[in-house]
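The values are calculated or read from the model by the stated rules, or taken from the named source; none is laboratory data. Bear in mind the structure is a predicted one, so any value in this text is a computation, not a measurement. Because the Cβ atoms are built from the backbone with ideal geometry, glycine has one as well, and the counts that use them run over all protein chains shown. In case anyone asks, the SASA skips ligands and DNA or RNA and just uses the protein heavy atoms, side chains included. Shrake-Rupley method; radii C 1.70, N 1.55, O 1.52, S 1.80 Å.
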There are 2 protein chains.
Amino acid sequence: MKNKALLIVWGLLGLVVATMLRADPDPTAMLPLAANGLAAAPPMGWNSWNKFACGVNEQVVRAAVDAMVDSGMQDVGYRYVVIDDCWQGMRAPDGAIEADPDRFPRGIKALADYVHSKGLLLGIYSDAGSQSCAGRAGSRGHEFQDAQRFAAWGIDYLKYDWCHTGSQDAPSSYRTMALALRATGRPILFSACEWGQARPWLWAADNGVNLWRVGPDIMDRWSGRGDYQLGVLDIVDLAEPRHAAAGPGHWNDPDMLEVGNGGMTEVEYRSHFSLWAEMAAPLIAGNDLAHMTPTTRVLLTNREVIAIDQDRLGAQGHRVARQGDGEVWSKPLADGGRAVLLFNRGDRATTITARWTDLGYPAHVTATLRDVWNGKDLPAVSGAFSADVEAHGVVMVTVTP
Amino acid sequence: MKNKALLIVWGLLGLVVATMLRADPDPTAMLPLAANGLAAAPPMGWNSWNKFACGVNEQVVRAAVDAMVDSGMQDVGYRYVVIDDCWQGMRAPDGAIEADPDRFPRGIKALADYVHSKGLLLGIYSDAGSQSCAGRAGSRGHEFQDAQRFAAWGIDYLKYDWCHTGSQDAPSSYRTMALALRATGRPILFSACEWGQARPWLWAADNGVNLWRVGPDIMDRWSGRGDYQLGVLDIVDLAEPRHAAAGPGHWNDPDMLEVGNGGMTEVEYRSHFSLWAEMAAPLIAGNDLAHMTPTTRVLLTNREVIAIDQDRLGAQGHRVARQGDGEVWSKPLADGGRAVLLFNRGDRATTITARWTDLGYPAHVTATLRDVWNGKDLPAVSGAFSADVEAHGVVMVTVTP
């Protein structure tokens, strides 16, 4: 008995010594990075890709800047004007990245000065791999150099793509650029475009990323799959299950908006925008701001819908009930209320009912209701709220006990 | 029947179209890199770490350079003088790496000029992670910038370590630096110090690496395990199974030599050196060249042993028979012969027999024999060759049919 106890003591001692000797060559490298303090609410802005793709240039960006101001988008919170892929020229012999001189003859710094003179912020694009998706220069191996340059130009936002990354590890690749951005001393919002392959909702926030994509690129369609692209319904179904990962400073990104690009009906665009607001998604318009219809402008600038997206609690709304093709979504708000989306995925009108118990309230509670899209108070009710919802449409209300 | 066949045809067609649509965002990124043309034979030289560790400085390196010339090491093939960790100072505001001004007051360029003036080549050290193993600046995110600087200084060899790499992917991390080195236009031999964790023998050669470590650091001991260190016997047993991966331009690296550092007997050092030569390992001395004993000098400069290491066939010798504590190793040579090592791992003298059939020869063949360490021809024999081998010792012969 005594010998047995001694054996156990020696065994434990051996374990402790073995643990001490096993020096980890890098015990701190993957500790969470402290948040950069940006994106307290989901970022709002515009990006060149969805409309202009590789046709971006100085005129296109300046036109978007002017339109963002003139359309009233700036007044309702849009701030970032983001140049996507294809702005890059060659690297200088010392490795410094240059803008494509044909597309940006006056350079990025001059453009940033213009953007800042309007009270807006400038975003740019690069890629964690050896090349961008369009085959331009990637930042791999140049991260600190590129970050220095972006900061010197006055860049406020970086969208960082994942093409040509071979076998790179996503967390450390994004962390490297996050550290490079921080080393500049300039606050630069960091957007990861990794398409959700490595489950960024699990690691991106801890590696200095403010928003990360949950899936492939969006396409300007209600549903369906294209070549590395998904319609609105399909992207929503990728974003919804990740809702717990979102919060101030770190957001799921279902990709940029297609509102106004022509591939969906007005009803579908309103649903698309509503779902993005309900999910506390970044609201990055992707249409031609300089030539949008009044309908598109009204849709993109609805203050009450935007307020739901930007609510300071920062909760991502999610599905709390299904009723055939109808769905009830609930987004907790900072005032204790809920932004409730009655969402009809189907091709026929249907009645959808939000029950208080599905929203986390006792059934007997009376709550005030407000129709968000129409900016109208509705009669107070208790227990539940029902509405007829058109095909592919939504009814969006706030429910406040 | 007809309908069934039609169904199959449509199914196959669908598969083909689906395959075509599934564009791979990076079909070429991990294709093998073309070899850089360096290290046709295993590199030979000296490295500061095993003796001086973090105590390296300009005087230490210059003394090694002078001793490499004066000792006759240069005459027998030693070329690279490699500065290991702790040479780095701070990075400049633009990210450029600087040498520690206290240790290298005249800078690395002046040292390279000195090394080159002696007909030797200069190596340096960095790390794929955010910091080096000794906590100095790592190259992560600075790869192209650092490579440019190394090339501008006149660096000929880079040892690239793996500390503070977090969750980085090893193949793409080494590939990034290999691409950065190539982008300089200067031939720079690339040595990966990844400790064998990600099985570099499977991918390093295809990612621009000339030699890669098979395991932890060597320690100046015949056998046993330290804190991330292994004795000679233990490292040999990690290197031996990888023999098929070695060849001109790409070598397994069982780590640098400990010959002359005092922790082993002369017999053991001779075995250590013989095993490294037999394995076509890099011969990177790790002792204080300026103060080595004649015994150490003689051991490190044996032309016939070195010729086996450097044999142009580039095959790595490996174990072909075990006889108790005795082992027979065979290394195919360019002239059709074999470098045969009779190796006694044990603590007592033993007789070891190399059978022709174990070397890949028919038993009836008569072969000429030469005792490599003693530079003496032995009587020709057929079938087998036996010798008494002292404890921890070797007998090394060439067998030429």
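Side notes on the structure shown:
- Just one of the listed residues (A:Arg182, A:Arg136) is open to solvent by 10 Å² or more (accessible area, probe 1.4 Å), basic (Lys, Arg), within 22 Å of the chain's Cα centre (by Cα) and more than 10 Å from chain B (Cβ to nearest Cβ), namely A:Arg182.
- Subset tally (residues that are assigned to a helix (DSSP H, G or I) and more than 20 Å from the chain's Cα centre (by Cα)) for segment A:65-75: 6
- The single condition among (1) crowded, with 24+ Cβ neighbours inside 10 Å; (2) part of a loop (DSSP other than H, G, I, E, B) that A:Met264 does not meet is (1).
- From the list B:Trp153, B:Trp212, the one residue that fits, being of a type outside the set (Gly, Ala, Ser), under 29 Å from B:Arg91 (Cβ atoms) and over 12 Å from the mean Cα position of the chain (by Cα), is B:Trp153.
- Selection count where residues are open to solvent by 20 Å² or more (accessible area, probe 1.4 Å) and either touching a Phe, Trp or Tyr at 6+ places or on another chain (Cβ under 9 Å) or within 11 Å of B:Glu58 (Cα to Cα) (or both), scope segment B:80-93: 2
- Criterion (of a type in the set (Gly, Ala, Ser) and either at positive phi or open to solvent by 10 Å² or more (accessible area, probe 1.4 Å) (or both)) met by exactly one of A:Ala39, A:Ala128: A:Ala39
- Any pair with Cβ under 8 angstrom, 6 or more apart, that starts in segment A:106-130 at a residue that is within 14 Å of chain B (Cβ to nearest Cβ) and within 30 Å of B:Ser172 (Cα to Cα) and ends at one that is part of a strand (DSSP E or B) and of a type in the set (Ser, Thr, Tyr): A:Ser126/A:Tyr160; A:Asp127/A:Tyr160; A:Ala128/A:Tyr160
- Where A:Ser223 falls short, out of the listed (1) more than 21 Å from A:Glu278 (Cβ to Cβ); (2) open to solvent by 30 Å² or more (accessible area, probe 1.4 Å); (3) more than 14 Å from chain B (Cβ to nearest Cβ): (1)
- Test for B:Asp24: is it within 14 Å of chain A (Cβ to nearest Cβ) and either open to solvent by 30 Å² or more (accessible area, probe 1.4 Å) or at pLDDT 95 or above (or both): yes
- Top-ranked residue in segment A:188-220 [being acidic (Asp, Glu) and part of a loop (DSSP other than H, G, I, E, B); ranked as most open to solvent (accessible area, probe 1.4 Å)]: A:Asp220
- Answer from A:Arg242, A:Arg297 - the residue that is basic (Lys, Arg) and more than 21 Å from A:Val76 (Cα to Cα): A:Arg242
- Residue pairs meeting the criteria (Cβ under 8 Å; at least 6 apart or on separate chains; first free of Cβ contacts under 8 Å to residues at least 60 places away in the same chain, in segment A:298-319; second open to solvent by less than 20 Å² (accessible area, probe 1.4 Å) and assigned to a helix (DSSP H, G or I)): A:Leu299/A:Tyr269; A:Leu299/A:Phe273
- Hey, A:Gly166 in contact (Cβ under 8 Å) with a residue 40 or more places away in the chain, within 13 Å of another protein chain (Cβ to nearest Cβ), surrounded by fewer than 24 Cβ atoms within 10 Å (Cβ to Cβ) and at positive phi or not: no
- Filter result for A:Ala112 (closer than 18 Å to A:Gly286 by Cβ and either modelled with pLDDT of 95 or more or open to solvent by less than 20 Å² (accessible area, probe 1.4 Å) (or both)): no
- Total residues in segment B:139-159, condition touching a residue at least 40 places away in the same chain (Cβ under 8 Å) and surrounded by fewer than 23 Cβ atoms within 10 Å (Cβ to Cβ): 4
Matching residues to (1) touching a strand residue (DSSP E or B) at 6+ places or on another chain (Cβ under 8 Å); (2) among the hydroxyl-bearing types (Ser, Thr, Tyr):
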{"site": "B:Asp227", "(1), (2)": "no, no"}
{"site": "B:Asp237", "(1), (2)": "no, no"}
{"site": "B:Glu240", "(1), (2)": "yes, no"}
{"site": "B:Ala244", "(1), (2)": "no, no"}
{"site": "B:Gly249", "(1), (2)": "no, no"}
{"site": "B:Asn252", "(1), (2)": "yes, no"}
{"site": "B:Leu257", "(1), (2)": "yes, no"}
{"site": "B:Thr265", "(1), (2)": "no, yes"}
{"site": "B:Arg270", "(1), (2)": "yes, no"}
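- Listing of strands (runs of 3 or more DSSP E) fully contained in segment B:268-363 that carry 1 or more residues being crowded, with 22+ Cβ neighbours inside 10 Å: B:283-285, B:326-332, B:338-344, B:350-355
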